[in-house]
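Worksheet: one structure, shown below.
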Amino acid sequence: MTTTNEFAVVTGASSGIGYELARQFAEHGYDLLIIAEDAEIERAAAALQRDGRNQVTAVRADLATFEGVEQVYGAIRETGRDVDAIALNAGRGIGGDFTRDTDLTDELNVIDVNVTSTVHLAKRVLSDMVARDAGQVLFTSSIASTMPGTYQAVYNASKSFVQSFAEALRAELKDTGVTVTSLMPGPTDTNFFHRAEMDDTRVGSSKKDDPADVAKQGFEAMRKDREKVVAGSLKTKAQGVASKVMPDSVKAEMHRRMAEPGSGKE
């Protein structure tokens, strides 16, 4: 089918913030290529079809592997289309005491998904965008990037990388037609905390932000070419403001109280 719609790519789009980001693109008339490692990506693609007004292609790939990222880039190239926007959203976490509780394989997987795949796919897609001097990029970072992640040491560090990476790319590309925005959610009502084995923590069991609200705020920030947005509730936004002046030692202790295993039962 021939289409004049803009074309967007969203990773980690089978559920949560990624799905809601894809829904924002769909509602604004974009065709989509959406990616996740699980079979739910096909269901998401069906839900994002807008009565024939847009095209949605699902790609099931493991972004924790080099081959998985290349598979995604190959699928993008196979469309024969320029990427107008990409949301590099795929990510996961793991909770627990780094030295005594958690598994190295899990933590290396967090780095592979959150950091390595983000750099890899960004290298491929942004190079194409710069070559034609057009495109919008949205990185899903986190408010966690602003604080030491006591009992989430690798996850927070990975998001600090993504945040720094996004801001550096924005500065490098300021004289081009390519824009870079980072989305910084707080705790959001997705499968993240269950998958990270953090159901028994205070943050895991507490009320969280609506992923639809987070995605909408991120999408709008991208469209307006904002550098970054702390997205979610007023509480989350206030936390973002406080983190700018709070000493790291205080933030680390605050994070400990929220993420320590068993803290949700206190």
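The values are calculated or read from the model by the stated rules, or taken from the named source; none is laboratory data. Fair warning: this is a prediction, and the values are worked out from it, not measured in the lab. So basically every Cβ, Gly included, is an ideal-geometry build from the backbone, and we count neighbours across all protein chains shown. Note: areas computed on protein heavy atoms with side chains; ligands, DNA, RNA excluded. Shrake-Rupley method; radii C 1.70, N 1.55, O 1.52, S 1.80 Å.
Can you tell me which residue in the range 219-239 is modelled with the highest pLDDT, limited to those that are small (G, A, S) and closer than 26 Å to E197 by Cβ?
Going through the range 219-239, the residues small (G, A, S) turn out to be 221, 231-233, 238.
Subsequent filtering for residues that are closer than 26 Å to E197 by Cβ retains 231-233.
Working: A231: 92, G232: 84, S233: 84.
Looking at the filtered set, the residue picked out is A231.
Can you pull out every residue in the range 35-51 that is open to solvent by less than 10 Å² (accessible area, probe 1.4 Å) and either within 19 Å of T4 (Cα to Cα) or modelled with pLDDT under 95 (or both)?
L48
Can you tell me which residue among R43, R60, R53, R100 is basic (K, R) and within 27 Å of A221 (Cβ to Cβ)?
Values: R43 fails: within 27 Å of A221 (Cβ to Cβ); R60 fails: within 27 Å of A221 (Cβ to Cβ); R100 fails: within 27 Å of A221 (Cβ to Cβ).
Being basic (K, R) and within 27 Å of A221 (Cβ to Cβ) holds for just one of R43, R60, R53, R100, which is R53.
Within 17 Å of L21 (Cα to Cα), β-branched (V, I, T), modelled with pLDDT of 95 or more and surrounded by 15 or more Cβ atoms within 10 Å (Cβ to Cβ): does that describe V154?
Working: within 17 Å of L21 (Cα to Cα): no; β-branched (V, I, T): yes; modelled with pLDDT of 95 or more: yes; surrounded by 15 or more Cβ atoms within 10 Å (Cβ to Cβ): yes.
For V154, the condition - within 17 Å of L21 (Cα to Cα), β-branched (V, I, T), modelled with pLDDT of 95 or more and surrounded by 15 or more Cβ atoms within 10 Å (Cβ to Cβ) - is not met.
Identify the residue in the range 217-235 that is farther than 13 Å from T181 by Cβ and out of contact with any helix residue (DSSP H, G or I) (no Cβ under 6 Å at 6 or more places or on another chain) and, among all such residues, is least open to solvent (accessible area, probe 1.4 Å). Lay out the reasoning, then the answer.
At the first step, the residues of the range 217-235 found to be farther than 13 Å from T181 by Cβ are 232-235.
Okay, now just the ones that are also out of contact with any helix residue (DSSP H, G or I) (no Cβ under 6 Å at 6 or more places or on another chain), so 233-235.
Working: S233: 40, L234: 144, K235: 165 Å².
Ranking the qualifying residues of the range 217-235, first place goes to S233.
A quick yes/no check of all residues on (1) assigned to a loop (DSSP other than H, G, I, E, B); (2) over 16 Å from the mean Cα position of the chain (by Cα):
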position: A22; (1), (2): no, no
position: A46; (1), (2): no, yes
position: R50; (1), (2): yes, yes
position: T57; (1), (2): no, yes
position: Y73; (1), (2): no, yes
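It is to be established whether one or more residues within the range 133-146 are closer than 30 Å to V245 by Cβ, open to solvent by 10 Å² or more (accessible area, probe 1.4 Å) and over 15 Å from the mean Cα position of the chain (by Cα).
Yes, the range 133-146 contains at least one residue that is closer than 30 Å to V245 by Cβ, open to solvent by 10 Å² or more (accessible area, probe 1.4 Å) and over 15 Å from the mean Cα position of the chain (by Cα).
Looking only at residues that are in a helix (DSSP H, G or I) and closer than 17 Å to A259 by Cα in the range 157-190, which one is most open to solvent (accessible area, probe 1.4 Å)? Walk me through it before giving the result.
Quick first cut of the range 157-190, residues in a helix (DSSP H, G or I) only: 157-172.
The next check asks that each one be closer than 17 Å to A259 by Cα; those that pass are 157-159.
On the way: A157: 58, S158: 4, K159: 9 Å².
Residue satisfying both the conditions and the ranking: A157.
Does at least one position in the range 119-128 carry a residue that is assigned to a helix (DSSP H, G or I), in contact with a strand residue (DSSP E or B) (Cβ under 7 Å, 6 or more places away or on another chain), open to solvent by 10 Å² or more (accessible area, probe 1.4 Å) and under 18 Å from I34 (Cβ atoms)? It would help to see each step written out before you state the result.
Taking the range 119-128 first, the residues assigned to a helix (DSSP H, G or I) are 119-128.
From what's left, in contact with a strand residue (DSSP E or B) (Cβ under 7 Å, 6 or more places away or on another chain): 121-122, 125-126.
Filter once more, so that each one left must be open to solvent by 10 Å² or more (accessible area, probe 1.4 Å): 126.
Within this subset, residues satisfying the condition of being under 18 Å from I34 (Cβ atoms) are none.
No, the conditions are met nowhere in the range 119-128.
Can you tell me how many residues within the range 198-216 are open to solvent by 50 Å² or more (accessible area, probe 1.4 Å), among the basic types (K, R) and in a loop (DSSP other than H, G, I, E, B)? Talk me through it step by step, then tell me what you get.
Initial filter on the range 198-216 (open to solvent by 50 Å² or more (accessible area, probe 1.4 Å)): 199-200, 202, 205, 207, 210, 213, 216.
Next, only the ones that are among the basic types (K, R) stay: 202, 207, 216.
In the following step, the residues that additionally are in a loop (DSSP other than H, G, I, E, B) were identified as 207.
Here the count works out to 1.
Which number in (1) of a type outside the set (D, E); (2) surrounded by fewer than 19 Cβ atoms within 10 Å (Cβ to Cβ); (3) free of Cβ contacts under 8 Å to residues at least 60 places away in the same chain marks the one condition that N54 misses?
Exception for N54: condition (2).
Based on this model, can you work out whether E20 counts as of a type in the set (D, E), under 23 Å from S158 (Cα atoms) and surrounded by 19 or more Cβ atoms within 10 Å (Cβ to Cβ)? Explain how you work it out, then say what you get.
Working: of a type in the set (D, E): yes; under 23 Å from S158 (Cα atoms): yes; surrounded by 19 or more Cβ atoms within 10 Å (Cβ to Cβ): yes.
Yes; evaluated as a whole, the condition is true for this residue.
Within 27 Å of D84 (Cβ to Cβ), at pLDDT 95 or above, of a type in the set (G, A, S) and in contact with a Ser or Thr (Cβ under 9 Å, 6 or more places away or on another chain): does that describe S160? First the steps, then the outcome.
Values: within 27 Å of D84 (Cβ to Cβ): no; at pLDDT 95 or above: yes; of a type in the set (G, A, S): yes; in contact with a Ser or Thr (Cβ under 9 Å, 6 or more places away or on another chain): yes.
Judged against the criteria, S160 is not a match.
If the Cβ limit is 8 Å and pairs must be 6+ apart or interchain, which residue in the range 145-170 that is more than 25 Å from M129 (Cβ to Cβ) pairs with which residue that is of a type in the set (D, E) and open to solvent by 40 Å² or more (accessible area, probe 1.4 Å)?
These pairs meet every condition: M147/D248; P148/D248; T150/E253; T150/E260; Y151/E260.
Looking only at the range 60-82, count every residue that is touching a Gly at 6+ places or on another chain (Cβ under 9 Å) and open to solvent by 10 Å² or more (accessible area, probe 1.4 Å) and tell me the total. Even if it seems obvious, please write down each step before you answer.
Taking the range 60-82 and keeping what is touching a Gly at 6+ places or on another chain (Cβ under 9 Å), we get 61-63, 82.
Narrowing the set further to residues that are open to solvent by 10 Å² or more (accessible area, probe 1.4 Å) leaves 62-63, 82.
Qualifying residue count, the range 60-82: 3.
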